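Written out below as structure tokens is the structure these notes cover.
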Amino acid sequence: MADIVFDGGDFARLAAVPLIPLGAFFVQTLVGRFGPRKGDWIPVGALAIAAALGIFEFAKCLTVWNPGFRVEWKEAFDWIPGPAESRASFGILYDNLSATMTAAVGLIAFLIHLFSVGYMHGDRRYASFFAHLCLFSFGMLGLVLSDNFLSFFACWEVMGLCSYLLIGHFSEKPSAAAACKKAFLTTRIGDVCLFLGIAILWTRLHTFRFTELWDAVPRVLAENGGAYPGWLVTAGLLIFAGAVGKSAQFPLHVWLPDAMEGPTPVSAMIHAATMVAAGVFLTARAFLFLSPEARIAVALVGSFTAIFAATIGICQTDIKRVLAYSTVSQLGFMIAGIGVGGIAAGLFHMVTHAAFKACLFLGSGSVIHAVHTQEMPQMGGLRRRMPITYGTMLVSTLAIAGVPLFAGFYSKDAILSSTLVHAMEHGSILHALPAIFLFTAAGMTAFYMFRLILLTFHGEPRDAHKFEHAHESPWVMTVPLTILGFFAVTGGWIFGENWFLELGKGLPGMVVAEGEAAHHEHEAHGIAMWGSIGVAGAGILLAFAFYQWRKFSAAAWAERWGPVHRWVKNKYYVDEFYLATVVRFVMFLTAVQRWFDVWIVDGLVNLVGGIGRAAAAVSGWFDRWVVDGAVNLVGWLTQLWGGVARLFQTGRVQTYVAWGVAGAVGAASVVLWMA
Amino acid sequence: MSLGAYLAVATALFVLGLAMMIARRNLLYVLMGIELILNAANLNFVAFARYAAPAGGEAALRGQVFALIVILLAVAEAAVALAIVLHAYSLFDTVRPEEPDLLRE
Amino acid sequence: MPSTYAEDLARILPETVLALGACFALVADLLWKGRESRRVGTIALIAIAASVFALLRQEPRPAIAFGMVTVDGFGALFKVFVAATLAVVVLFAHSSRELPRHGAGEFYFLLLSAGVGAYFLVSTTNLLLLVLALELLGLASYVLAGFAKGDRRSAEAALKYLVFGAAATGVMLFGLSILFGLTGSLDAREMASILAGKAADPASGEAVDRFRVAGPAVAIAVVLAFVGFGYKVSAVPFHWWAPDVYEGAPTPVTTFLAVASKGAAFGALLRFSAALLPSPAMGEGAAAFSGKLGSLLALISAVTMTLGNLAALRQTNLKRLLAYSSIAHAGYTLMGVATLEPGGFETSVFYLFAYYFMNLGAFGAVIYFARSTGNEDIDSLRGLGWRAPFVSGCVVVFLLSLVGIPPTVGFFGKWYLFLAAWNAGFGWLTVVAALNAVVSLFYYFRIVKALYFSPESEAVFHHRPVPSLAAILGLLTVGTFWFGPFPETIRAACAESVRFLF
């Protein structure tokens, strides 16, 4: 296990990975629209370079085989210089995790940029779309390379802003405007929690740096007799709340499906490479701050989200919404995997998911581009018209469903076996719940994904007109699809056992099983593999039974389970619940605030306005406002000054000279008087 | 005559000059007021140079030179001032200093 | 060893270059028959750039030309300040519609001459040269103020400026003559030690503590002498001319007066305060007088900022509002002067740089908007925020900085000033200044309100973008933002330069 020689040049290249897109963002914002092709080649080129650099450095990591691989560029930029406890400096933390993420994010973001060239062609705000997309990529790349919570949070917020801008790209559509606002506000709840968590860590440990924080945790535990002190538990849970917001976990998942209002490349970006992945990444980075109880909470939140979103996904007819809920569900898998201690498994699933979910989204974009609708009941039979799209989407569906040999199988299998190990080790029903939830959710995943494929591409065209006009998309759209499809097939082999599960053992907080635990693990692995193949097969078969062979009628089943179906189809009325409680409460607060505004703030503003008017009509003003006691004093002052102005600033130059002379005499008198 | 007498005259000139600037109702007299003030200062310089400094010394020369230069300065100022007053006269049609009062408060 | 004439001339190369540039501009305009105002402006710009270049190559010299001129880092910093302002004023003059189309040569000649005056103003402790420099700056400015030919307001501004300015310099001259009488010297440093009885009077050959013998006379003389500075920096009660002249003069000239002229006057005030300032080592009388002078300046500072801000509250004309705001900012800047300490002076100099960015920006915006609306009323800006988003955005930044909201340079400038005043024992002044900052929020916000939150003005106007002007405003915005969080370069230069004074 030789260590890589990581020199300044490598760090410079790494620093360039986020900075080049940032620079491209500025260039594109300022002058992009004046350039040829409205400057789209600037962000695309920047991302190409960033991706190439990221992959280059990743390859360098692969040349050594070291689970504990971690290099740092400390204090690359001193933002606030000073003594250690009041200092803020940014640097780069490069370990197996950030290496993989840099390469994966860079590549996927580049492909999405490329796809957008075709998809957004002719858009009114084409130039600024690319600028925002580019800034979005900067946010994620900067985030994965950050070595401290401060720049991490800054990048986190940059992504929040970009998601707002991009989801609201078609801001003339009221639904898009509402969606971007919703995304921004919902994730904001998590962001505030994250910020508080960071603040707690900083006040206690006086550093933002990840490595220093990780080193501090055992010390804190030792001081506290091995238990997590209350503040650390609080901090851990607050930071996880940040991840809940960003990764759209229950109960803050509501923004992600609405985010479909954005253009499809944006959806792909949010769902695959950025945003939601950031939350998972954060959970992995902050794993050490989570107490054992908190970890169970994490696992439960994740697994519940997985099954909860999967059920909703079954009942949706909008192709993008199905995918959206599928993302929420898959994110639940990852979070749950991390929560039960399978950090590497969760991250593994994040990377493979990034590949096939990006492919699915871009594929759906390609379909929407062709038929101009998002409703699956109006599609059907498209595989003959769009063979490439069909092929890549099918491959990705196989991957997400967990069919052996495809990428998703390996990663999902790893998560499932982690939950099983977890259940076996503790043996309580609480610890077993994640496993039960996730196995069920895995089956559902296979079902609703094949439902999507069958409804969209198979059977007879249900809308002849739309079918007639459908055609395969241009190369800028199909090439990224193909590349992503390739990774959907091979991602599991490339990374899989070799990369994540071995090298991931070096991640902070990852426990390497030994002795009996190792036996458990082996046993669990076998069960998990056959179990996941079983549920996936069952889901697929069921989907074919419903939608291909028509053995059962979906409509009849929906009828039979009427109330339940409605409940699920309407997403369990979570939105409505929030509307009735949170939103109404906020409205109430707003009313209070409005009252405050109208009576107090406006009062103050009016007061100042009054000051201006008063000078013009001193006597009338005085009559009108004299009753208002508080205003009186200021009014009097202003009136005085109005009078003063009239007395002094007469417009006659001789008066000025006279007052100047008087002033000189006054000043001299003051000095003499002071003697 | 003693130094005090010169200083008294100079101070009187200074006060008169200020008074002219403040009170006269003709811009040309206001300009003359400026000249009076400048000359009051000149008188001071020369008187100090003559009385308070040893004759022929450097300090004496300084005062004299200062006065000479201020005279030149007064000329330049008068030239500019007359031009500006003339310009104002052509636009406002008056030489009364209080009449141009478009800009106030 | 007295230097030769040629050597002296080489050492005032920046001034010489600027003066030659002025002459070139005048001659070139004659040759081009007054039709090539832009090219004349380019000559002016080249002259300014050349003088800055010459400045940067200068070696510090304590006294040249019979001890009249001091070439040092402090002067260089202020000359760069003046030159930078001049350059922006030239560019503003390109965009402004108030200046006559013909006669650009005269305009630039006067502008650069005023610049030469400002250059000399900040590089002397000699009273004679001080008066000459003030007059050169003043005479050129009087004419510039009236440069919008045929405009009655402009003519009135020139007249008022002339009368008030002449009176103020006259009073100052009278004060200087008394100081000369008391000491027999014309150099402020020498004067200070003679006054304190530390050096022999060249006239009588005796060393007498004049604070003891002739305390009131010294006090009156110094106060009269400071009238000239007070008028140039528009400190109350010598500010009366400023609102009228700022409003009436063409906006590029107003910019020059509000930034270059005021900045140079502050430079001279700092230099003379430091030179005349009897250090405590000079004896009790001197120390007591120094304390009184500080208190007087603090008082003037407080009154200046308060009056400026309160008067600005009720203005409807943007330029006049900025004039009062500029008076208020002179008050803030005086806070640092009143401390009579290097640390305080440093903060004043830094504040002038902050003032440079935000005030040039504000006046540039006046020119920009006046091109569209045809006047300078705040009322006619209504709704312009959406029509001219870039410039309006810049204006918001300038206003934030003028109020003193972080992270703009204005905030840090104020912050340093407040700290300096507080540490110098002027706690009450700091409180007054903070209250003033709050008051100023109200009238600056009115502009923002007009730009963004008001129904569009009924006045029919055609928004005409001026890219060159917008670019300058953009640069100034960048400066306003950049030097807030990253003030170190300028702060270091300020600290460095102030050390030459003490």
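Quick look at the numbers
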{"quantity": "Spatially near lysine pairs across chain C, Cα under 18 Å, sequence gap of 8 or more or different chains", "calculated": "10"}
{"quantity": "Projected area, mean over directions - segment C:308-502, Cα convex hull, nm²", "calculated": "10.5"}
{"quantity": "Efficiency of FRET from Cβ geometry, C:E488 and C:L435, R₀ 35 Å, rounded to 0.05", "calculated": "0.75"}
{"quantity": "Ranked order, A:L454, A:L107 - accessible area, probe 1.4 Å, largest first", "calculated": "A:L107, A:L454"}
{"quantity": "Mean Cβ neighbour count within 10 Å, used as a protection proxy, ranking A:236-242, A:327-333 highest first", "calculated": "A:327-333, A:236-242"}
{"quantity": "Alpha-carbon centroids, segment C:1-71 and segment C:141-203: separation in whole Å", "calculated": "24"}
{"quantity": "Cα lying deepest toward the dipole's positive end in segment C:308-502, options C:V391, C:G343, C:T333, charges on Cβ", "calculated": "C:V391"}
{"quantity": "At least 18 Å along the helix axis (C-alpha) and Kyte average at least 1.0, DSSP helices within chain C", "calculated": "C:13-31, C:37-56, C:73-95, C:104-121, C:127-145, C:152-183, C:215-232, C:262-276, C:284-313, C:389-403, C:427-452, C:467-482"}
{"quantity": "Expected-Rg normalisation [2.2 N^0.38 Å, Cα atoms] applied to the protein assembly as shown", "calculated": "1.16"}
{"quantity": "q = 0.16 Å⁻¹: log10 I(q)/I(0) that the Debye formula gives for segment C:269-341, counting C-alpha atoms only", "calculated": "-0.60"}
{"quantity": "Largest-first ellipsoid semi-axes for segment C:140-219, taking √(5λ) over the Cα gyration tensor eigenvalues, angstrom", "calculated": "41, 11, 8"}
{"quantity": "Net charge over other residues, Cβ less than 13 angstrom from the Cβ of A:L323 (K, R count +1; D, E count -1)", "calculated": "+3"}
{"quantity": "Only Lys, Arg (+1) and Asp, Glu (-1) charged, at Cβ; the protein assembly as shown dipole about Cα centre in debye", "calculated": "2500"}
{"quantity": "Accessible-area value, B:S90, 1.4 Å probe, nucleic acids and ligands omitted, Å²", "calculated": "80"}
{"quantity": "Accessible surface ranking that places the most exposed of B:R25, A:R37 first, with a 1.4 angstrom probe", "calculated": "A:R37, B:R25"}
{"quantity": "Check: chain C dipole with +1 on Lys, Arg Cβ and -1 on Asp, Glu Cβ, in debye", "calculated": "1020"}
{"quantity": "Accessible area in square angstrom per residue, chain C, 1.4 angstrom probe", "calculated": "33"}
{"quantity": "Given chain C, longest segment not containing exposed loop GluC sites (Glu not before Pro) (DSSP; at most 11 other Cβ within 10 Å)", "calculated": "C:207-457"}
{"quantity": "Low-density loop cleavage sites - trypsin sites (Lys or Arg not before Pro) in segment C:1-71, where at most 14 other Cβ are within 10 Å (DSSP)", "calculated": "C:K33, C:R35, C:R57"}
{"quantity": "Candidate lysines - alpha carbon under 30 Å from A:K466, same-chain residues fewer than 8 apart omitted", "calculated": "A:K173, A:K320, A:K357, A:K551, A:K569, A:K571"}
{"quantity": "For segment B:3-92: relative contact order, % (alpha-carbon pairs under 8 angstrom, 6 or more apart)", "calculated": "26"}
{"quantity": "Residue order for C:V448, C:V82 - accessible surface, 1.4 angstrom probe, largest first", "calculated": "C:V448, C:V82"}
{"quantity": "Summed buried accessible surface, chains B and C, 1.4 Å probe, nearest 100 Å²", "calculated": "3800"}
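The values are calculated or read from the model by the stated rules, or taken from the named source; none is laboratory data. Treat the numbers as computed from the prediction; the structure is a model and nothing was measured. In this analysis, Cβ positions are derived from the backbone assuming ideal geometry, glycine residues included, and neighbour counts consider all displayed protein chains. In case anyone asks, the SASA skips ligands and DNA or RNA and just uses the protein heavy atoms, side chains included. Shrake-Rupley method; radii C 1.70, N 1.55, O 1.52, S 1.80 Å.
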